[in-house]
Amino acid sequence: MAAGKGKRGGRCRRPSEVDAFYDSAVPEGDRVALAVAREVEGLDQEIAELRVRLRRALEDHPENMTLMIKGVELLVKALAANYRLSKDGKAELSASIEAMLNEYDPMTRPEAQSDVVAGEDN
């Protein structure tokens, strides 16, 4: 692959260049908040905010089923995204579980299980 080219032939950009592209569209007063928001990982705070707003909507407009359904759908999508693992995350989780099992429970190893089966035949 040629230097500076991505998989699709586009030019790879440093994150600071991409940030600067969007910064020009953000009002000056929101740029500090945007910089802080870039440091936040996960969706926990957003999910909590959605729950609070859904509760408020239920209290203020209990008759508005369309609002409730949309609020719940949004909450479910955020929860699903929060718990979804990337491919790398799945591999890391699998490796961590395997290491834990090997460290704390030697009976889970295939050779230990064959020893147990062989011992039962005696």
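The numbers here are math on the coordinates, done by the rules we state, and not lab data. Every value quoted in this text rests on a predicted model; they were computed, and no experiment measured them. Don't worry about glycine lacking a Cβ; one is built from the backbone with ideal geometry, like all the others, and counts go over all protein chains shown.
Of note:
- Modelled label positions at R84 and A48, each set 7 Å beyond Cα in the direction of Cβ, lie 2.4 nm from each other.
- FRET efficiency estimate (nearest 0.05) - Cβ-Cβ, E39 to L74, R0 35 angstrom: 0.90
- Region 43-84: Rg to Rh, with Rh as the Kirkwood radius over Cα pairs: 1.01
- Relative packing of 66-73, 30-37, which averages over residues the other C-beta atoms within 10 Å, highest first: 66-73, 30-37
- The GluC sites (Glu not before Pro) of region 29-60 that DSSP puts in a loop, and whose beta carbon has at most 13 other beta carbons within 10 Å, are E41.
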